[in-house]
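Just below is one structure, and these are the notes that go with it.
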Amino acid sequence: MEFLNYHHLRYFWMAAKEGGLTRAAEKLRVSQPSICTQIQALERVLGDKLLRRTPRGLALTEAGQKVFSFAEEIFSLGEDLLNTMKQRSTSRPLHIGIGIADSLPKLLTYEMLRPIFHLPQPVQASCCEGKVPDLLAQLATYRLDIVLADEPAPASSSLRAFNHLLGECGVSFCASPQLADPLKRRFPASLQDAPALLPGPSSALRRSLEKWFREQKIAPRLVAEFDDAALVKVAATDALGFFALPSLVANEAVVRYGVRIIGHAPACRQQFYAISGERRLTHPAVVAITAQAWDSRTKMTQDSKRRRIGKGGPRRLLGAH
């Protein structure tokens with residue numbers, strides 16, 4: 001079995017980054033002939049030339065470019081490992097890698113993230129957005145500490161993942177003022193054949209909306225589908241159609257985007273999850289996200305109960321706006 005000598009790889013990586021053996025030798029505090037010898041040893045193991053001389057200095061060959069790409073990722077992961085293991089020191093920022101499903105509303109996402117920026121220890125958050133399967137793959141390789149999504153990790157997934165319900169709420173429908181006023185009068189019947197800006201077919205919100213439309217015997221006219229929840233709101237401000245969003249952030253959307261609320265659908269539920277690679281949460285920032293969400297959910301339930309008792313009638317809890 002062959003083994004890769006990471007010292008040789010590091011010398012090559014540094015030479016490629018610095019653009020020459022002399023600057024790499026200065027960075028590594030070794031002699032230039034020593035670096036040259038190590039790179040040649042790496043080339044013999046890999047069976048290909050990695051560097052070539054040009055009038056301007058050293059340049060990567062095609063094979064060298066491939067190897068450099070791998071080296072970048074390998075040493076980046078090594079740095080992440082050191083940062084993770086040393087983050088117990090309160091003098092260093094606490095690093096957390098967060099994956100965010102692109103279908104998750106940005107206003108709601110920030111509310112989920114808010115608690116980590118109020119921890120006693122400074123936090124350095126690295127947030128990336130994408131499709132849930134891609135984010136779960138990064139979670140499995142420890143590139144991410146947590147994934148925030150509007151649906152749980154699929155049970156059929158071969159990846160080890162644990163779902164933590166952060167909360168749930170009903171759905172509200174909004175549109176630009178010129179569209180909202182006529183649609184508001186006979187809601188929800190007014191949505192029949194109304195121009196609609198909907199999330200992508202694979203999103204949890206889209207599936208909930210389709211089910212609710214069928215129950216209400218409503219068939220809106222699809223104008224566009226968006227995987228990016230933020231882009232929907234931008235299109236809506238141009239009066240292209242109505243859109244749906246979690247009721248928890250409907251009022252905030254009115255303020256930020258100048259749209260108006262058409263109506264609410266408490267029975268059309270949307271849930272929000274934190275997905276982790278471990279059942280027992282230990283990362284302080286991850287714990288803060290889940291604990292804060294649970295406290296908010298409990299408080300909302302208690303507030304809803306008080307409103308229900310005060311008004312003398314039953315109401316749906318969590319998102320009954």
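The values are calculated or read from the model by the stated rules, or taken from the named source; none is laboratory data. None of the values given here were measured: they were computed from a predicted structure. Every residue, glycine among them, receives a Cβ derived from its backbone with ideal geometry; neighbour counts consider all protein chains shown.
What residue, among those in region 272-305 that are basic (Lys, Arg) and in a helix (DSSP H, G or I), is modelled with the lowest pLDDT?
The residue in question is LYS305.
Check whether at least one residue in region 106-118 is in a loop (DSSP other than H, G, I, E, B) and either more than 30 Å from PHE226 (Cβ to Cβ) or modelled with pLDDT of 80 or more (or both), and report yes or no.
Narrowing region 106-118 to residues in a loop (DSSP other than H, G, I, E, B): none.
No, there is no match, as no residue in region 106-118 is in a loop (DSSP other than H, G, I, E, B) and either more than 30 Å from PHE226 (Cβ to Cβ) or modelled with pLDDT of 80 or more (or both).
When you look at LEU42, is it in the same structural domain as MET14 (by TED's automatic domain parsing), touching an Asp or Glu at 6+ places or on another chain (Cβ under 6 Å) and touching a residue at least 12 places away in the same chain (Cβ under 8 Å), yes or no?
No, not satisfied.
Please indicate, with yes or no, whether at least one residue in region 84-100 is under 30 Å from ASN251 (Cβ atoms) and either among the small types (Gly, Ala, Ser) or loosely packed, with under 15 Cβ neighbours inside 10 Å (or both).
Within region 84-100, one or more residues are under 30 Å from ASN251 (Cβ atoms) and either among the small types (Gly, Ala, Ser) or loosely packed, with under 15 Cβ neighbours inside 10 Å (or both).
In region 188-263, which strands (runs of 3 or more DSSP E) lie fully inside it and hold 1 or more residues that are at pLDDT below 90, of a type in the set (Phe, Trp, Tyr) and assigned by TED's automatic domain parsing to the domain that holds GLY167?
Filter on region 188-263 gives 221-226.
Are there any pairs, at least 6 apart or on different chains, whose C-beta atoms fall under 7 Å, with the first in region 258-276 and of a type in the set (Lys, Arg) and the second part of a strand (DSSP E or B), and if so, which?
ARG260/CYS174; ARG260/ALA175; ARG269/GLU168; ARG269/GLY170
Of everything in region 239-257, what is touching a residue at least 12 places away in the same chain (Cβ under 8 Å) and among the hydrophobic types (A, V, I, L, M, F, W, C)? Give them in sequence order.
Scanning region 239-257 gives ALA239, LEU240, PHE242, PHE243, ALA244, LEU245, LEU248, VAL249, ALA250, ALA253, VAL254.
In this structure, does PHE213 turn out to be surrounded by 18 or more Cβ atoms within 10 Å (Cβ to Cβ) and under 23 Å from the mean Cα position of the chain (by Cα)?
So PHE213 does not fit the description; no.
Tally time: how many residues in region 7-42 are under 39 Å from the mean Cα position of the chain (by Cα) and in a helix (DSSP H, G or I)?
So the answer is 18.
Just need a number here: residues in region 1-22 that are among the polar types (S, T, N, Q) and either outside the structural domain of SER34 (by TED's automatic domain parsing) or touching a residue at least 40 places away in the same chain (Cβ under 8 Å) (or both).
Keep residues of region 1-22 that are among the polar types (S, T, N, Q), which gives 5, 22.
Restricting the remaining residues to those that are either outside the structural domain of SER34 (by TED's automatic domain parsing) or touching a residue at least 40 places away in the same chain (Cβ under 8 Å) (or both) gives 5.
Residues in region 1-22 being among the polar types (S, T, N, Q) and either outside the structural domain of SER34 (by TED's automatic domain parsing) or touching a residue at least 40 places away in the same chain (Cβ under 8 Å) (or both): 1 in total.
What residue, among those in region 167-216 that are in contact with a helix residue (DSSP H, G or I) (Cβ under 9 Å, 6 or more places away or on another chain) and aromatic (Phe, Trp, Tyr), is nearest to THR109 (Cα to Cα)?
My answer is PHE173.
Quick check: anything in region 222-230 crowded, with 21+ Cβ neighbours inside 10 Å and within 18 Å of the chain's Cα centre (by Cα)? Reasoning before the result, please.
Step one: list which residues in region 222-230 are crowded, with 21+ Cβ neighbours inside 10 Å, which gives 229.
With the extra rule that they be within 18 Å of the chain's Cα centre (by Cα), the set shrinks to 229.
Yes, region 222-230 has at least one match.
Within region 153-172, which residues are modelled with pLDDT of 90 or more and closer than 11 Å to ILE275 by Cα?
Once the filter is applied, which keeps residues that are modelled with pLDDT of 90 or more and closer than 11 Å to ILE275 by Cα, region 153-172 yields nothing.
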